[in-house]
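Chemist: Here's a structure for you.
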Amino acid sequence: MYKIQNHKVSENQLRQTHLDQDGYERMYRQSIEQPDMFWAEQANRFVEWMQPWSKVHESNMEKGEAAWFVDAKLNVSVNCIDRHLKTRADQTAIIWEGDDPNDSRYITYRELHEEVCRLANVLKERGVKKGDRVCLYMPMIPEAAFAMLACARIGAVHTVVFGGFSPEALRDRIQNAECDVVITADEGVRGGKTVPLKQNVDKALTACPNVHTVVTVKRTGADVAWDEQKDVWYHEACAQVSKECTPEPMDSEDPLFILYTSGSTGKPKGVLHTTGGYLVSVALTHHYVFDYHDGEVFWCTADVGWVTGHSYIVYGPLCNGATTLMFEGVPTYPTASRCWEVVDKHKVNVFYTAPTAIRALMALGEEPVKSSSRESIRLLGSVGEPINPEVWEWYYQVVGDSRCPIVDTWWQTETGSILIAPLPGACGLKPGAAMRPMFGVVPALVDNEGNELDGVADGNLVIKQSWPSQIRTVYGDHHRLIETYFSTYKGVYFTGDGARRDADGDYWITGRVDDVLNISGHRIGTAEVESALVLNDYVAEAAVVGCPHDIKGQAIYAYVMPMKGVTLTDEVMAELKVAVSEQVGAFARPDFIQPTTGLPKTRSGKIMRRILRKIACDELDTLGDTSTLADPGVVDELVEHRLNRG
Ligand code: ATP
Ligand code: MG
């Protein structure tokens with residue numbers, strides 16, 4: 001279907017990788033054939049334990065139960081901080097780049113230790129105990145990482161709520177997770193604009209009587225309402241407590257955090273992760289997938305409010321003693337070159353972002369990229385949505401100057417860590433393919449009846465064996481865990497995504513199963529049709545959905561966003577239809593194309609096709625929950641200009 005190009009990683013890059021193809025295959029085989037031996041070895045390599053396990057793992061995929069490193073004890077903050085103090089106390093742990101290009105901070109491991117211990121003591125003084133839930137509603141400032149680690153140090157369970165969420169969304173999450181403490185900032189700063197975080201917290205708390213303490217970081221100095229009982233300034237409270245805090249020994253299966261999924265498909269779920277297995281998985285994947293080498297600067301552009309920020313800004317990199325970069329702003333502020341200026345300023349070696357950001361930058365052309373050197377970059381990463389091959393090529397050629405491998409990492413909030421990705425040095429690269437399973441991960445494709453498909457196949461992606469960073473429950477609703485992930489197909493974890501396995505055995509994610517189109521009996525993932533549309537030079541972004549059709553069952557309705565400064569003429573739209581027929585097949589030719597200036601996205605930047613489908617089907621009364629949308633305003637534009645399917 002696509003012109004598949006195998007990009008070979010250059011010799012120069014191969015020489016440095018932790019693994020080559022044989023090494024990967026050997027380790028992968030061992031991880032499947034002798035999982036207990038494999039994981040015991042990795043757990044000892046990546047993590048420091050206070051007490052060993054009695055059993056490596058126990059799981060029941062029928063019931064959705066998993067326990068890893070049973071009876072072992074550890075503390076995540078010790079692993080991310082204390083154990084590095086012997087060798088790297090003065091190494092930068094966190095580079096913070098502010099929204100304003102003149103603001104940056106460098107926090108060493110020694111400073112990180114002090115900051116985390118102080119805040120942990122503040123929380124203890126305010127009565128927070130092991131197992132209590134603490135809500136973090138913070139901008140991208142180092143205190144967000146300090147707060148996560150402070151919770152981990154005393155055994156409190158954090159639930160980070162993305163700072164872009166409304167007071168109502170925040171309230172729902174505080175209530176659902178039963179938090180009694182909130183950590184926030186007076187205001188957040190993003191793209192030159194301020195966000196009234198403390199004010200939003202105050203609004204949310206009118207319906208959260210259990211919250212007795214709000215710790216506020218002074219970020220901008222804006223005026224905020226103050227309640228002498230409840231409110232505490234972060235800097236004042238931290239100055240009054242000891243800079244040492246004894247870490248709480250945690251059971252490997254004690255909860256580490258609850259995190260609500262981004263809500264692309266419906267009501268967000270409070271995904272609960274535990275301690276030992278999660279930490280081993282994120283450290284191992286950070287090391288191998290990004291081929292991280294000591295001393296490198298690692299930049300994951302996600303927000304700490306998403307799982308990517310948890311696993312690959314905070315826990316994975318810090319567990320490995322890395323230097324992790326945290327960016328407060330947005331890729332296009334003050335100019336479209338911002339990301340590359342940050343790369344040059346801090347000599348970033350690994351850059352990990354999402355297709356939505358790459359597409360937005362691509363729409364602005366090459367010039368803003370080419371004005372930077374980017375010579376420090378060694379590897380690029382992508383996560384969050386399928387990356388269209390055209391966008392992959394741009395990322396590879398323009399951003400990476402055709403010399404950096406791209407790791408397209410497939411995973412979910414529920415999986416905790418990367419499960420499918422092309423390991424640098426261990427496999428070739430195919431634009432748009434997530435490629436190979438990580439160690440211990442056994443993916444399979446099943447048809448709608450649950451029959452496993454062999455060889456080259458297209459189906460529902462499931463995972464057959466337990467992995468250490470597997471979701472343990474949906475907080476407060478264990479039934480939902482079983483129903484959502486372990487009931488559709490018996491004895492396996494159902495991802496909700498579709499995938500294709502090609503003749504080489506490599507995996508391609510085709511999109512969410514709920515979004516799959518069914519045209520005259522042909523089932524087709526959204527990614528394939530959208531990629532064909534994005535191939536056109538005039539198109540920046542596209543989303544396709546199915547709408548009812550008398551003969552074909554479903555017709556394809558495409559929403560297309562042009563590149564900056566381009567208008568989509570009838571001629572271009574006709575060309576687009578032909579292009580899809582040629583690339584994918586005549587059956588996939590879109591019946592309708594609606595040009596648009598925006599697409600509805602979750603706050604983490606994913607296209608929400610559920611809403612587009614309702615618009616295309618004229619089901620405007622049932623648009624559903626739009627509270628997780630980044631910009632609810634685009635819905636009005638889309639509705640107003642919807643096409644008459646008559
Ligand atoms: P919700 O579960 O509430 O609908 P969500 O699925 O968007 O929200 P996340 O856990 O943030 O929440 O996202 C995981 C999903 O993102 C995956 O199931 C998949 O659909 C998509 N995804 C992530 N990485 C990739 C990738 N590299 N290629 C293709 N799709 C990806
Ligand atoms: Mg999901």
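Chemist: Once amide H atoms are placed 1.01 Å from N in the peptide plane, what residues at a sequence separation of 5 or more from ILE420, or on another chain, have their amide H within under 5 Å of its amide H?
Modeler: TRP410, MET438
Chemist: For segment 11-500, what does the relative contact order come out to in percent, with C-alpha contacts under 8 Å and a separation of six or more? Show your work: numbers first, answer last.
Modeler: Values: 1076 pairs, mean separation 84.6, N = 490.
Reported as a whole number, the value is 17 percent.
Chemist: At 0.36 nm per residue, minus the direct Cα-Cα distance, what do ASP100 and ASP621 gain on full extension? Give it in nm, one decimal, please.
Modeler: Numbers: separation 521, 0.36 × 521 = 187.56 nm, distance 4.23 nm.
Gain in length upon complete extension: 183.3 nm.
Chemist: Which of TRP49, TRP39, TRP233 has the fewest other C-beta atoms within 10 Å, and how do the rest follow up to the most?
Modeler: Details: TRP49 18, TRP39 24, TRP233 15.
Least to most surrounded, the residues fall as TRP233, TRP49, TRP39.
Chemist: Also: Expected output is a single nm value to one decimal: the length gained when fully extending between ASP294 and HIS641, i.e. 0.36 nm times separation in residues minus the C-alpha distance. What is it?
Modeler: 119.6 nm
Chemist: Expressed as cubic angstrom per residue, what is the convex hull volume of the alpha carbon set of segment 520-641? Don't skip to the end; give the middle numbers.
Modeler: Details: hull volume 13.5 nm³, N = 122.
Enclosed volume per residue, from the Cα hull, is 110 Å³.
Chemist: How large is ³J(HN,Hα) for each residue in segment 247-261, as worked out from phi by the Karplus curve 6.51 cos²θ - 1.76 cosθ + 1.60 (θ = phi - 60°), to whole Hz, x for Gly and Pro?
Modeler: x, 7, x, 9, 6, 3, 9, 5, x, 9, 7, 10, 9, 7, 5
Chemist: Now for a different question. When we measure straight from the Cα of LYS564, which aspartates and glutamates land under 16 angstrom away, once same-chain ones fewer than 8 places off are left out?
Modeler: Those aspartates and glutamates meeting the cut-off are GLU366, GLU367, ASP537, GLU541.
Chemist: Please compute P(r) over all alpha-carbon pairs of segment 11-500, binned at 20 Å starting from zero, and give each bin as a whole-number percent.
Modeler: In order of increasing distance, the bins hold 24, 59, 16, 0 percent.
Chemist: Run through the DSSP bridge list for segment 11-500 and note the antiparallel percent, rounded to the nearest 5.
Modeler: Beta bridges within segment 11-500, antiparallel portion: roughly 50 percent.
Chemist: Applying 1/(1 + (r/R0)^6) with R0 = 45 Å to the Cβ-Cβ distance of ASP401 and SER581, what FRET efficiency is obtained, to the nearest 0.05? Walk me through the numbers before you get to the answer.
Modeler: Numbers: r = 34 Å, r/R0 = 0.76.
So the FRET efficiency works out to roughly 0.85.
Chemist: To continue, here is another question. Could I have the simple spin-label model distance between ILE482 and ARG26, label points 7 Å from Cα toward Cβ, reported in nm to one decimal?
Modeler: It is 4.3 nm.
Chemist: Here is a further query. Which distance in nm do the two modelled labels at LYS552 and GLU178 give, with both placed 7 Å along the Cα-to-Cβ direction?
Modeler: For the pair LYS552/GLU178, the computed spacing is 5.1 nm.
Chemist: Then there is this: May I ask you to evaluate 6.51 cos²θ - 1.76 cosθ + 1.60, the Karplus curve with θ = phi - 60°, for each residue of segment 509-518 and list the ³J(HN,Hα) values in order in whole Hz, giving x for glycine and proline?
Modeler: Each residue of segment 509-518 in turn: 7, 9, x, 6, 4, 4, 9, 4, 8, 10 Hz.
Chemist: Checking the cross-link filter: which lysines have an alpha carbon closer than 22 Å to that of LYS347, excluding same-chain neighbours under 8 positions apart?
Modeler: Excluding near neighbours in sequence, the set is LYS370.
Chemist: Could you list the GluC sites (Glu not before Pro) in segment 313-381 that lie in coil according to DSSP, counting only those with at most 16 other Cβ atoms within 10 Å of their Cβ?
Modeler: Values: sites: GLU328, GLU341, GLU366, GLU375; in loops: GLU328, GLU366, GLU375.
Sites meeting the loop and neighbour criteria: GLU366, GLU375.
Chemist: Quick one: which residues, 5 or more positions from ASP618 or on another chain, have an amide H under 5 Å from its amide H? H modelled 1.01 Å from N in the peptide plane, none for Pro or chain starts.
Modeler: Close amide H contacts, sequence-distant or interchain: none at all.
Chemist: Here's a follow-up. Going down the list LYS86/LYS124; LYS269/LYS490; LYS218/LYS345; LYS267/LYS345; LYS73/LYS230, which pairs span over 30 Å between their C-alpha atoms?
Modeler: On the way: LYS86/LYS124 27 Å; LYS269/LYS490 21 Å; LYS218/LYS345 26 Å; LYS267/LYS345 40 Å; LYS73/LYS230 34 Å.
The pairs that break the limit, which is 30 Å between Cα atoms, are LYS267/LYS345; LYS73/LYS230.
Chemist: Moving on to the next point. From the gyration tensor of the Cα coordinates in segment 292-437, what semi-axes in whole Å does the equivalent ellipsoid have, largest first, with each one equal to sqrt(5λ)? Let's see the in-between values first.
Modeler: Working: eigenvalues 87, 67, 45 Å².
So the three semi-axes of segment 292-437 are 21, 18, 15 Å.
Chemist: Once both axes come from the Cα atoms, what is the angle between helix 35-46 and the longest principal axis of the chain, in degrees from 0 to 90, rounded to 10?
Modeler: 60 degrees
Chemist: Then there's this: If I fit a long axis through the Cα atoms of helix 142-154 and take the longest principal axis of the Cα atoms of the chain, what angle between them do I get, 0 to 90°, rounded to 10?
Modeler: 60 degrees
Chemist: So if we plug the beta-carbon distance of VAL456 and SER242 into 1/(1 + (r/R0)^6) with R0 = 45 Å, what FRET efficiency do we get, rounded to 0.05? Please report the intermediate quantities before stating the final value.
Modeler: Numbers: r = 62 Å, r/R0 = 1.37.
Efficiency for this residue pair is about 0.15.
Chemist: Please compute the length gained on full extension between SER371 and HIS522, using 0.36 nm multiplied by the number of residues separating them and subtracting their Cα-Cα distance.
Modeler: Numbers: separation 151, 0.36 × 151 = 54.36 nm, distance 4.54 nm.
Gain on stretching SER371 to HIS522: 49.8 nm.
Chemist: Return the loop-located GluC sites (Glu not before Pro) in segment 558-600 (DSSP other than H, G, I, E, B) with at most 15 other Cβ atoms within 10 Å of their own Cβ; answer none if there are none.
Modeler: Numbers: sites: GLU571, GLU575, GLU582; in loops: none.
Hits after loop and neighbour filter: nothing returned.
Chemist: I've got another one for you. Obtain the nm distance between the two label points defined at LYS86 and ASP537 by a simple spin-label model: each point lies 7 Å from its Cα along the Cα-to-C-beta direction.
Modeler: 6.0 nm
A short reminder: the numbers here are calculations on the coordinates, not readings from a lab. Here the structure is a predicted model, which is why all the values come from computation and not from measurement. FYI the Cβ positions are ideal-geometry reconstructions off the backbone, even for glycines, and counts take in every protein chain you see.
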